[in-house]
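**Q** Pasting in a structure now, in structure tokens, and then I'll have a few things to ask.
The values are calculated or read from the model by the stated rules, or taken from the named source; none is laboratory data. Keep in mind that this is a model prediction, so the values were computed, not measured. Backbone-built Cβ (ideal geometry, glycine too); neighbour counts: all protein chains shown. With ligands, DNA and RNA removed, areas are computed over all heavy atoms of the protein, side chains included. Shrake-Rupley method; radii C 1.70, N 1.55, O 1.52, S 1.80 Å.
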Amino acid sequence: MKKVVNGLVAVAIFAALIAYKMGLFHSLLNSQDTTPLLSQEDTAIVTKMEPFITCVNGVDNKWRGSYARYHDTYEGQLANDRMAMWSLQTKFTLQQHGDQYTGVLSCAEGLEAIIKTEPVDAELDQAGADYAQTLRQLLPLVQEVDTYYAQHDYKDDKMAKGKALQAQIEPLFQNLFATSDNIHTIVAARNLALQRKTLDAMEQRNGKDAWWHTENLMLEARLAADGIEALIQQDRATTENLQAIETTYQQVYDAAKAYADSHPDEIRPDKKTSYPTDPFWPQLESYASSLLSNIKDVRRNIANQQTLESNYNSMINSFNRLVEQYNRSNDSRNRYIDSLNS
């Protein structure tokens, strides 16, 4: 029985409309061969990356959006914009009840612990140390900021404390986001190498079966989103360059769909119901198709010299929905397998 613990995590950055893609591969097992697909060294790299991904998704992703909203209304408040004055509320909280900032300290603690472990990764370890330190500096300040605006205290002191707090948190948030971007880059590179190793091992073990096609499509979806993002950033988003990315993803999608259509007994061994242990391509297909459609729309925008923003955002949202569905299906599957083994 195969078990994939693969958190292909997508973090949508609010301000820049960019999606960062990260993934984790643990062991993929079946009933005949329980040898891990990854070596001990590679598994150690996976373990090292986990707290970084947890932090970025649990804290960074939410705080980017919170800070963007806060910054807009803060600037409006200074300009005496009545709507901004009415809506100036900050939400750096991570949950509604209990300790509303829970996860910030555990994030910092997790990073501080993991950077002391093997394997040594000087680049990632330094980024983790910087990120954790910035979180610890920011936490008491954002709590103070939230309270200050929630109680409308800025009306009493004419924004004096608000300006002082802004002067403190602004450089810290800028450092946090810059460090986060660096972490994304480092982890994405490590993850890409691991994904390719895992695909090779899957093919050697079971051939290009349904699971291989699913993982191959997830990898190619990430490469397509990354590739289009890079072309836009480098001002190289020509019709020809976009078409090359689209064609590659189209071929991978078509191959996965064709395999699933021609191997129904592998996709759903029990025709009456689909168990969590079955390959979950049927749950992903519509999301994978939507991503393809959005990639085509981005290419058409360039060909017709139209603005990219709307369709580019739709493409990023499609990618994120594909990844979220993958994670949901995989988590459900692994919980089911754990229940059988308990």
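**Q** Between Ser106, Thr147, Ala132, whose Cα lies farthest towards the positive end of the dipole of the stretch 105-170 when Lys and Arg beta carbons carry +1 and Asp and Glu beta carbons carry -1, centred on the Cα centre?
**A** Positive-most Cα among the choices belongs to Thr147.
**Q** Further question on the same structure: Sort Arg136, Arg328 by heavy-atom solvent-accessible area, probe 1.4 angstrom, most to least.
**A** If we order Arg136, Arg328 from most to least accessible, we get Arg328, Arg136.
**Q** Another question, then. Please report how far the C-alpha centroid of the stretch 285-312 lies from that of the stretch 175-212, rounded to the nearest whole angstrom.
**A** The stretch 285-312 and the stretch 175-212 have Cα centres spaced 25 Å from each other.
**Q** Now for a different question. What is the packing order of peptides 119-130, 103-114, 311-322, taking the mean over residues of other C-beta atoms within 10 Å and listing the highest first?
**A** 311-322, 103-114, 119-130
**Q** Could you work out the relative contact order of the stretch 101-155? I mean the mean sequence separation of Cα pairs under 8 Å and 6+ apart, divided by the number of residues, in percent.
**A** Contact order relative to length: 37 percent.
**Q** By per-residue mean of other Cβ atoms within 10 Å, what is the highest-first order of 199-207, 50-58, 151-159?
**A** Going from most to least packed, we get 50-58, 199-207, 151-159.
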